1. Towards the positive end of the charge dipole of region B:1-76, with charges on Cβ (+1 Lys, Arg; -1 Asp, Glu), say which of B:25, B:39, B:56 has the farthest Cα.
2. Treat the count of other C-beta atoms within 10 Å as a stand-in for reagent exposure and order B:12, B:104 from fewest to most.
3. Would you order B:93, A:164 from fewest to most other beta-carbon atoms within 10 Å of each residue's own beta-carbon?
4. Report the relative contact order of region A:3-60, percent, no decimals, based on alpha-carbon pairs under 8 angstrom and at least 6 residues apart.
5. What's the magnitude of the charge dipole for region A:115-218 around its Cα centre, counting Lys and Arg as +1 and Asp and Glu as -1 at the beta-carbon? Answer in Debye, nearest 20.
6. In region B:40-56, whose amide N lies under 14 Å from the spot 7 Å out along Cα-to-Cβ of residue B:77? List them in ranges.
7. Rounded to the nearest 20 Debye, what is the dipole magnitude of region A:153-210 about its Cα centre when Lys and Arg each give +1 and Asp and Glu each give -1 at the C-beta?
8. Out of A:134, A:97, A:69, whose Cα points farthest toward the positive end of the dipole of region A:49-139 (charges: +1 Lys, Arg; -1 Asp, Glu; placed on Cβ)?
Amino acid sequence: MIPTPDLSHLTRVDYEHVYEPAEDTFILLDALEQDAAELQSSRPLICLEIGSGSGCVSAFLAKILGSKACLFLCTDINSYASRCTLDTGHQNRAALQPVVASLADPFLERLGHNVDVLLFNPPYVPTVSQDWQSAQFGKSLEGAWAGGTDGMQLTNELLMNVNHLLSPRGRFYLVALKANGIENIQQRMLAFGFASKICLQRRAGREHLFVIRFQRMP
Amino acid sequence: MVRLITHNLLACHVKGCNSNNFPLAFDGPQIEIREAEFNSDFLMGFFPKIEWSALVNASRQLGDQSLPEQQPDAENIDDALLKALHHVLLEIHVENGKMICPNCSHIYPISNGIPNMLLAEHEIA
């Protein structure tokens, strides 16, 4: 069992600004741990986490792969979160590279077919679309969970770029809610040439969470 | 800690800014040198992904002269080059300053080691 990253440097005040790891975070950690051997043997070089928040997930991935073995890029639309990601990296001896950005936008040009591990625990809660827009625009904590129509508005944007970003043998791990329409996501990605597997699913409170792993079809 | 490895991957993404939008030019960079663990496998793996002249120019902007102007062939990478590459990619950190797009002049600030690549609403494609 790989220990959860040390987040003791983050305080109650921090968690007013950055998403505090919860069941959706932990299911992603568990899925990555489950795949640890495969991840290691695939010898990734470039990892990109969208919406890194506290940095917990990328720090964990760095434990699995070895901090000096890869480049760990982390984007977040919230600069407070990027700061926390940097600190979490230091706290866990992982050289995480945070960038304040929306999705993978500033990396699209240079990282075409170059991302070996792509991670996204998105704002997946279905909300009114206007709330989603103002949450993202305001870069508030609400933006960490409010997902707009079907909880999919931001995820849909990233899905459009997965084919461009992922390396030939790259892997994309997505956290999703049953209400997001799991099969529909899988079907759409299949049309882009991606096979998918539900690595883990579990109920946490009212949420039925899934981690879906996507890889290009051989 | 904006390392040059990350800078080598960042391009301007303002709506309509599609050419000459990489690399971003440093303005007023404040740098710190921090030791990083050496990993030749990683460097060799990353080598073909480097935009070499962008890396060399950026390193020169930051006062480093160790890399050759031309990218060597992968078979000709000796220990000395690997060590220089390690230092330039991973150990030079831009803590504060700006990155400016050579095409549209958009300014991306760096503060406390973190670059802000967000755009204003009217700049988003």
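1. Working it through, the farthest residue towards the positive pole turns out to be B:25.
2. Neighbour counts put them in this order, fewest first: B:104, B:12.
3. By the 10 Å Cβ count, ascending, the order reads A:164, B:93.
4. Relative contact order, region A:3-60: 62 percent.
5. That gives region A:115-218 a dipole magnitude of about 460 debye.
6. Residues B:40-52 qualify, since their backbone N sits under 14 Å from the label point.
7. The dipole magnitude comes to about 240 debye.
8. Checked the options; the winner is A:69.
Bear in mind that the values in this text are calculations on the coordinates, not laboratory data. Fair warning: this is a prediction, and the values are worked out from it, not measured in the lab. Please note: Cβ atoms are built from the backbone with ideal geometry, for glycine as well, and neighbour counts cover all protein chains shown.
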